[in-house]
Amino acid sequence: MAEINSVTTLTREGDVAIITLNSPPVNALSAKVREGLYEGFKQANASDAKAIVLICEGRTFIAGADITEFGGAMAGPGLPDVQDMMENSPKPVIAAIHGTALGGGLEVALCAHYRVAVPSARVGLPEVALGLLPGAGGTQRLPRIVGVEAALDMVTSGRHVPAKQALAMGLVDELVEEGKLLEGALAFAKKAVAENKPLVKVRDNNAKLEAAKGHPEIFADFRKANARKFRGFLAPEYNIQCVEAAVNSGSFEEGLKAERKLFMELMMGPQSAAQRYYFFAERQAQKIPDVPDDTPVRPIKRVGILGAGTMGGGIAMNFLNTGIPVTIVEVQEAALERGLKVIRGNYERSRTAKPEETEARMALLSGSLDFDKLADCDLIIEAVFERMDIKKDVFARLDKIAKPGAILASNTSYLDIDEIASVTSRPQDVIGLHFFSPANVMKLLEVIRGEKTAKDVIATSMKLAKQIGKIAVLAGVCPGFIGNRMLSQRQREAQKLVMEGAMPWDIDRVLYDFGFPMGPFAMSDLAGLDIGWVKENSKGETIRDVLCEMDRRGQKTGAGYYDYDENRNAKPSPVTEKIINDFIVKSGANPRKISDEEILERCVYPMINEGAKILEEGKAIRPSDIDVVWINGYGWPVYRGGPMHYGDQVGPDKVLAKMKEFQTQMGDAFKPSALLEKLVAEGKKFSDLKA
Ligand code: 3HC
Ligand code: NAI
């Protein structure tokens, strides 16, 4: 066996040379891997071998370029050099794929003359998720195999295509038996030699591009159909332009040139920097310094849920989807029936669940009015009304019936987990599991660590989150934890701005243009203005009171802050405007014209400042955890990296200076956090902080 370098070997099996990569965890195309590939192919090309197989050790084929290298200088041979060496090889090159061939990994495989894969493999060009485009010929080769429409879908969605589908699309030439990839690839190589199969170069295959020539509507229609999804993002549009270039350029080389130029533009820009930052932030959030990876976890085989309302039902679905049986306990028969019906309805309406899957999931679900039915659950999640007295009552009862070692969790949005835990004899088993609404859809799970929460309870919760497809972030106990605590800052300022002369639609527009799916007032209209509003106690003291009293309770009543037509399209409302103006007159304030810039700074900088306070108090482990919360729970645009990353991009000094200016004008709601002051004094950024 010849060792090419520390991550590459070149071996022989009869007439076939085998290049094997072994660069954990995912065989990313680091300088070492590129060097190994380059040298490996150079030697194999020069040898008397009649065919070459490229295969990887470990969990996957090459999963892409090494993202940690981006933004810095690249050492070693470039990827195009490696690809040329493969594509121009005088003998058949076969890529043998298992795990995921992604990004640069698939682009390498597309320079082989043939590709074989095991059925469990997946292939894709997910660069768009990093704010990029496939920069190693992917946008030029892919449409030559799968056609323009399928290529547009793949590069702009980044989706991973399962091997069977990849075979049907022509991306893979043959499926080989699971677990027998090398044998299958060798057999294919020998057959290629015996049958003198042609050395297929994807780059030369222009038939599918020709078919799309003279059909600019393909691109126009695709852009139109996806305009909403792509709003604000640069990368999808750049990906489309590359596929367009594949069709319209005079040659493959020209198309490559266009791809290269657009790739570099994205790579150097702030959006990709933010999205790459986020990639690592999401993975980082799973690491808890004092709860190491090998912390034992408690088995969770049955879950109990208290409350079949908005949250209880959604939470239940997460576990049912993973095959974990759930028992829901309610206090009211009607609420239980309604809750179970909503769950069934959600499954029946879902486009992905087949009828038999709905039945299989519903069979795992049982409802009861009997508290004792929770006695054999390994995890019990409370989702009852947001009142401390009720939560305490529930936990005291749970303490009496839950089996030893059961995890007792609260879905509270704001309340003190330690106070809740204090009524039990087992505060070490109590934790907050804060799901977001709709709980069966939203990716975020805030895991709230109480003062006495045991480490294995934390480890179990983090692992379980992953199992049910959530992104978990650990937070400490404080009112509203990470997300809602910061949201309160924005809500307060939005309300104040309205009393100073900005209309709700002005504020919503600024935040929408920033990249949020909607602004706070549109959000209130969607959720219902009457959440927490009690008619009997309402005395017209706030704008919301008056709106609700007029039965303008949001979208559901056809009017709220906005007026809605029959298709729920929002229009600024003269009625709301008059109510606001009356309030301003009554308060004696002088309304003024408020700039978009001020609206944005007033809504966002106090959030960044609150994030700094959360870090200062140790309620979040690291700044990037806060960003993971905001991106997955509150619609912060990922291309802006989250509030703390945005703070770094604006500059902590600028944020601090504005906070001080606002503090002078409007008081201590804007008091800068000590951590922000310290960072600025030391010329540092949030990203300089260690966990
Ligand atoms: N570069 C560097 N590190 C990478 C990486 C990459 N491309 N892909 C994964 N990693 C690291 C992760 O950071 C993680 O490190 P950690 O253990 O220290 O946290 C480790 O590998 C394992 O990753 P995951 O935890 O994500 O493992 P999973 O098994 O859940 O998922 C995966 C594996 C599907 C490969 C997933 O890691 C993934 O999607 N990776 C990114 C794939 C990608 O985007 N490829 C395109 C890169 S850009 C490109 O190729 C440009 C080209 O066109 C020129
Ligand atoms: P909900 O009002 O829709 O449902 C609460 C349910 O709990 C009701 O069906 C009620 O009958 C039941 N219930 C009340 N006392 C009970 C008891 N002692 N035992 C069993 N069931 C009881 O409320 P929602 O919106 O589902 O909220 C539940 C919890 O989740 C609250 O703590 C809330 O703060 C939190 N939360 C809510 C979010 C939301 O967007 N609605 C988001 C995240 C958390």
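Report the extension gain between ASP596 and GLU356 in nm, rounded to one decimal, defined as 0.36 nm multiplied by the number of residues separating them, less their alpha carbon distance.
Computed gain between ASP596 and GLU356 is 81.2 nm.
Please report ARG228, ARG283 as a ranked list, fewest other C-beta atoms within 10 angstrom at the top and most at the bottom.
Fewest to most other Cβ atoms nearby, the residues stand as ARG228, ARG283.
How far apart, in nanometres, would the label points at ASP688 and LYS535 be if each is projected 7 angstrom from Cα along the Cα-to-Cβ direction?
Each label point lies 7 Å from its Cα, and together they span 5.8 nm.
Rank these for me by crowding, LYS190, LYS180, going from fewest to most other beta carbons within 10 Å.
LYS180, LYS190
Distance between the C-alpha centers of segment 426-443 and segment 561-604? Whole Å please.
35
Starting from the Cα of ASP565, move 7 Å in the Cα-to-Cβ direction to define the label point; list residues of segment 205-237 whose amide nitrogen is under 20 Å from there.
228
Once you place label points 7 Å from the Cα toward the Cβ at GLU217 and LYS400, how far apart are they in nm?
Those two pseudo-labels are separated by 7.2 nm.
Near ASP688, within a Cβ-to-Cβ distance under 12 Å, what is the net charge of the other residues, with Lys and Arg +1 and Asp and Glu -1?
+3
Quick check for me: using +1 on Lys/Arg Cβ and -1 on Asp/Glu Cβ, what's the dipole size of segment 1-45 about its Cα centre, in debye to the nearest 20?
My answer is approximately 140 debye.
With just the Cα atoms of segment 502-587, tell me how far they stretch along each of the three principal axes, in Å, largest first.
37, 28, 21 Å, listed from the longest principal axis down.
With runs of 4+ DSSP H residues as the only contributors, calculate the mean residue ellipticity of the chain at 222 nm using -39,500 (n - 2.57) per run, divided by the residue total and rounded to the nearest 500.
Using -39500 (n - 2.57) per qualifying helix, the result is -14500 deg cm²/dmol.
Sorted from largest to smallest, which semi-axis lengths in Å does the alpha carbon gyration tensor of segment 1-133 give for its equivalent ellipsoid, taking the root of 5 times each eigenvalue?
Taking √(5λ) for each Cα gyration eigenvalue gives 22, 16, 13 Å.
If you project the alpha carbons of the chain onto the principal axes, what extent comes out on each, in Å, largest first?
The principal-axis extents, from largest down, are 89, 60, 55 Å.
Based on alpha-carbon positions alone, could you give the equivalent ellipsoid semi-axes of segment 391-486 from the gyration tensor, as √(5λ), descending, whole Å?
21, 15, 12
Given the pairs LYS619/LYS658; LYS496/LYS613; LYS341/LYS400; LYS301/LYS463, which are separated by over 19 angstrom at their Cα positions?
The pairs that break the limit, which is 19 Å between Cα atoms, are LYS619/LYS658; LYS496/LYS613; LYS341/LYS400.
I need the calculated FRET efficiency for the pair ASP372 and ASN321, taking r as the beta carbon distance and R₀ as 22 Å, to the nearest 0.05.
Efficiency at R0 = 22 Å is approximately 0.25.
Please compute the length gained on full extension between MET666 and GLU616, using 0.36 nm multiplied by the number of residues separating them and subtracting their Cα-Cα distance.
Here the answer is 15.6 nm.
Provide the descending list of Cα extents for segment 221-302 along its principal axes, expressed in whole angstroms.
61, 28, 23
Amide H neighbours of ARG12 under 5 Å, counting only residues 5+ apart in sequence or on other chains, H built in-plane at 1.01 Å?
ILE18
Determine the equivalent ellipsoid of segment 627-691 by diagonalising the alpha-carbon gyration tensor, then write out the semi-axes as square roots of 5 times the eigenvalues, largest first, rounded to whole Å.
Working through the eigenvalues yields semi-axes of 22, 16, 10 Å.
Treat each spin label as a single point 7 Å out from the Cα along the C-beta direction, and report the ARG231 to GLU183 distance in nm.
5.4
Could you tell me what a quarter of the Cα convex hull surface of segment 303-479 works out to, in nm² with one decimal place?
Averaging across all directions leaves 8.9 nm² for the Cα convex hull.
Per residue of segment 658-671, in order, report the coupling 6.51 cos²θ - 1.76 cosθ + 1.60 (Karplus, θ = phi - 60°) as ³J(HN,Hα) in whole Hz, putting x for Gly and Pro.
5, 4, 5, 4, 5, 4, 4, 7, 10, x, 6, 4, 9, 4
Between VAL575 and LYS455, what length in nm is gained on full extension when 0.36 nm per residue of separation is reduced by their alpha carbon distance?
Extending this stretch completely gives an extra 37.8 nm.
Using unit Cβ charges (K, R positive; D, E negative) and no other charged atoms, how large, in debye to the nearest 20, is the dipole of the chain about its Cα centre?
Dipole about the Cα centre, nearest 20: 300 debye.
How many angstrom lie between the C-alpha centres of segment 609-643 and segment 451-508?
9
I need the phi-derived Karplus couplings for segment 388-400: 6.51 cos²θ - 1.76 cosθ + 1.60, θ = phi - 60°, integer Hz, Gly and Pro marked x.
Each residue's phi maps through the Karplus curve to give 4, 4, 5, 4, 5, 4, 4, 5, 5, 5, 4, 4, 6 Hz.
Can you run phi through the Karplus equation (6.51, -1.76, 1.60; θ = phi - 60°) for segment 613-624 and list ³J(HN,Hα) in whole Hz, with x for Gly and Pro?
In residue order, the calculated couplings are 5, 4, 5, 4, 7, x, 8, 10, 6, 8, x, 5 Hz.
Once the Cβ-Cβ distance between GLU386 and ARG338 is put in as r, and R0 is 22 Å, what FRET efficiency do you end up with, to the nearest 0.05?
Between GLU386 and ARG338 the formula returns 0.70.
Any idea what angle helix 217-230 forms with the longest principal axis of the chain, computed on alpha-carbon atoms, 0 to 90 degrees, nearest 10?
Relative to the chain, helix 217-230 is tipped by roughly 40 degrees.
Please give the per residue volume of the convex hull enclosing the alpha carbon atoms of segment 2-267, rounded to a whole number of Å³.
Value for segment 2-267: 117 Å³ per residue.
Relative contact order (percent) for the chain, with alpha-carbon contacts under 8 angstrom and 6 or more residues of separation?
9
Readers should treat all values here as calculations from the given coordinates under stated rules, not as data from a laboratory. Treat the numbers as computed from the prediction; the structure is a model and nothing was measured. Neighbour counts are summed over all protein chains in view; Cβ atoms, including those assigned to glycine, are modelled from backbone coordinates with ideal geometry.
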